[in-house]
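The values are calculated or read from the model by the stated rules, or taken from the named source; none is laboratory data. Keep in mind the model is a prediction, meaning the values are calculated, not measured. Because the Cβ atoms are built from the backbone with ideal geometry, glycine has one as well, and the counts that use them run over all protein chains shown. These accessible areas exclude ligands, DNA and RNA; they are computed on the full protein's heavy atoms, side chains included. Shrake-Rupley method; radii C 1.70, N 1.55, O 1.52, S 1.80 Å.
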Amino acid sequence: MSPFLSAVFVIGGAGAACAALLAVAARFLHVFEDPRVEAITNLLPGANCGGCGYAGCADYARAIVEKGAPVNLCRPCAAAALAEIARLMGVEAKPVEKMVAIVRCNGDAVRSRRAALYHGLADCVAADFTGGGGKVCREGCLGYGNCARVCPVGAITFQESLLAVVNPERCIGCGLCVKACPRHLIRLVPAGHEIHLLCSNRERGLVTRKACNVGCIACQKCVKHVNGQGIHMEGHLAVVDYTTPLPESLLEICPQHCFVKRSLLKPAPQPEPTPLS
Amino acid sequence: MSGYLLLILSAVLVNNFVLNRFLGICPFLGVSKRLSTALGMSGAVVFVMTLASAVTWPLYHLLLKPLGLAYLQTILFILVIATLVQFVELVLRKHVPILYRALGIFLPLITTNCAVLGVAVLNVKNNLGFLQSVLHGFGAAVGFGLALVLFAGIREKLDRANPPKCFEGTALALVTAGLLSLAFMGFANLVKGI
């Protein structure tokens, strides 16, 4: 046989054999996959944030169909998509209240006092271990952005001011930042609430006052103002429990100005990129 | 026996596929951002490269060489390896779903990777026997995995560092890869490799 023909036969034969093998394998090794899995995967937001407790949107969709996981675990999911998923699975959907994250600290570089200049790794956990970072307050935001790095939608800004601020319009409420913060400052709150208390310092008023201009000094004026509805004391710290909306007059009542209106809370300005000279 | 061990050692450390032969750079830079994905990729590469070595050896020595068609090795190897990986993927999906979930997304990525083809071609070029080929394929893949996991570990740490703006991201990754390659030069002449 001529070398030309043998080459054609060998490659052609190998190609045909491979094709036949794959065709047969595809026929006999076919795995039935529920079409609902793909449909639900497409309905989910696709941010793969992991807030539902599964590895990603596709994994959660599979869990819904195959393991009967609850359909309303996805917080970023739109109400219409949730209803559609519930219809596909034949269950009733209980919409979840939209939650957004908030950093319970307002002590940026101007308002809080510094004890040292921290030049270590730009990482909150590292700074927390290294003598608690640069700020005097041991329970305030460290400002090195561990929360911003895990945020799947880039809703958190932290540069310059040593304070992380969540943009509530971008936040999808997945809760990854809550786990990332070494000081447990971030909390998921109902998106409808406007008035927030931004301090987590449990020290006595005297100590807090030395550390920060906007720290809670446990004067209890706010608790008395709302008659204990929605605010309670935990040691030397007032804590909002988000059961009832708080009145805007709290902004004036608090002598330390710990309360803020969220729509007035601007994210820290991002520094302009400096052109290369 | 010690010959086989030396063969593996030489493939893992001395003639490391990524850091010495510069094969498989694409997944080396692409999937080294996280340690967990790097480990998954390494597992898939070990699997595919060992299998590819085992399959291409009889193809070359029993089919191409007797017919005098050795010049067709590249095209035939690509064809067969790609088919094989697809086939194995189907089998795993049906019968070993756990393994499929661990390696699944990485398998199609490396079907026609140059490291996989490279190991098949090197086996032929160095005239290795069947068992030697398989061991060389395994060792080369372990070397690839070692380089990938080391690199991913370093990159995870570098994420926390604060490099000059112009070095951030890929630039720093490439510099790091170069330094890692230099470090592996220390193994040169440790074993008289193939």
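How big is the convex hull of the Cα atoms of the protein assembly as shown, per residue, in Å³? Can you show the working numbers first?
On the way: hull volume 99.7 nm³, N = 471.
It is 212 Å³ per residue.
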Could you give the accessible area per residue of the range A:35-89, probe 1.4 Å, as a whole number in Å²?
48 Å²
Interface A:B - total buried accessible surface [probe 1.4 Å, Å², rounded to 100]
1700 Å²
Rounded to the nearest 10 Å², what accessible area does A:R87 show when all protein chains are kept and the probe is 1.4 Å?
150 Å²
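Can you list the DSSP H helices in chain B whose Cα atoms extend at least 27 Å along the helix axis and whose mean Kyte-Doolittle hydropathy is 1.0 or higher?
Working: long enough: B:35-58 (36 Å, 1.43); B:73-95 (32 Å, 1.44); B:130-160 (46 Å, 0.93).
Correct list, ordered by number: B:35-58, B:73-95.
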List B:T83, A:T244, ordered by accessible area with a 1.4 Å probe, largest first
A:T244, B:T83
Given Cβ point charges of +1 (Lys, Arg) and -1 (Asp, Glu) and nothing else, what value in debye, to the nearest 20, does the dipole of the range A:99-264 about its Cα centre take?
360 debye
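Are there DSSP H segments in chain A that both extend 24 Å or more along their axis (alpha-carbon positions) and score a mean Kyte-Doolittle hydropathy of at least -0.5? List them, or say none. Write out the running numbers ahead of the final one.
Working: long enough: A:3-28 (37 Å, 1.83).
Sorted by number, the helices that extend far enough and score high enough are A:3-28.
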Positions from the range B:69-91 whose accessible area shrinks by 30 Å² or more when the full protein complex is built, not the chain alone, probe 1.4 Å:
B:L69, B:L72, B:L76, B:L79, B:T83, B:F87, B:L90
Most fluctuating residue of A:F32, A:F129, A:F259 in a GNM of chain A with Cα springs under 10 Å: which is it?
A:F32
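Considering only protein heavy atoms, with the full assembly of protein chains and a 1.4 angstrom probe, order B:L172, A:L206, A:L163, A:L121 by accessible area, largest first. Don't jump to the answer; show the numbers that get you there.
Details: B:L172 35, A:L206 110, A:L163 10, A:L121 90 Å².
Result of the area sort, largest leading: A:L206, A:L121, B:L172, A:L163.
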Roughly speaking, to the nearest percent, how much of the protein assembly as shown's 1.4 Å accessible area is carbon and sulfur?
63 percent
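Taking a temperature of 37 °C and a viscosity of 0.692 mPa s, what whole-number D in µm²/s does Stokes-Einstein yield for the range A:149-207 with Rh from Kirkwood over alpha carbon pairs? If you can, show how the numbers build up before the last one.
On the way: Rh = 13.1 Å.
Estimated via Stokes-Einstein, D reaches 251 µm²/s.
With every protein chain kept in place and ligands, DNA and RNA left out, what is the accessible area per residue of chain B? Probe 1.4 Å, answer in Å².
Details: 9640 Å² over 194 residues.
Each residue of chain B exposes 50 Å² on average to a 1.4 Å probe.
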Computed over chain B, the convex hull of the Cα set has an average projected area, in nm², of 12.2 nm²
For chain A, would you read off the P(r) tail past 36 Å as a percentage of all alpha carbon pairs?
36 percent
Given the alpha-carbon gyration tensor of the range A:176-259, what are the semi-axes of its equivalent ellipsoid in whole angstrom, ordered largest first, with each equal to the square root of 5 times an eigenvalue?
19, 18, 11
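Can you give the translational diffusion coefficient of the range A:128-277 in µm²/s, computed by Stokes-Einstein from the Kirkwood radius over Cα pairs at 10 °C and 1.306 mPa s?
Details: Rh = 16.5 Å.
D, rounded to a whole number, is 96 µm²/s.
When each pair of different Cα atoms in the range B:106-152 is counted once in the 1/r mean, what is the Kirkwood radius in angstroms, to one decimal? Before the final figure, lay out the partial values.
On the way: mean 1/r = 0.0874 Å⁻¹.
Answer for the range B:106-152: a Kirkwood hydrodynamic radius of 11.4 Å.
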When the Kirkwood hydrodynamic radius is evaluated over all pairs of different C-alpha atoms of the range A:18-134, what value in angstrom, to one decimal, is obtained?
18.4 Å
Could I get the Rg over Rh figure for the range A:35-89? Both from C-alpha atoms, Rh via Kirkwood, rounded to two places.
0.89
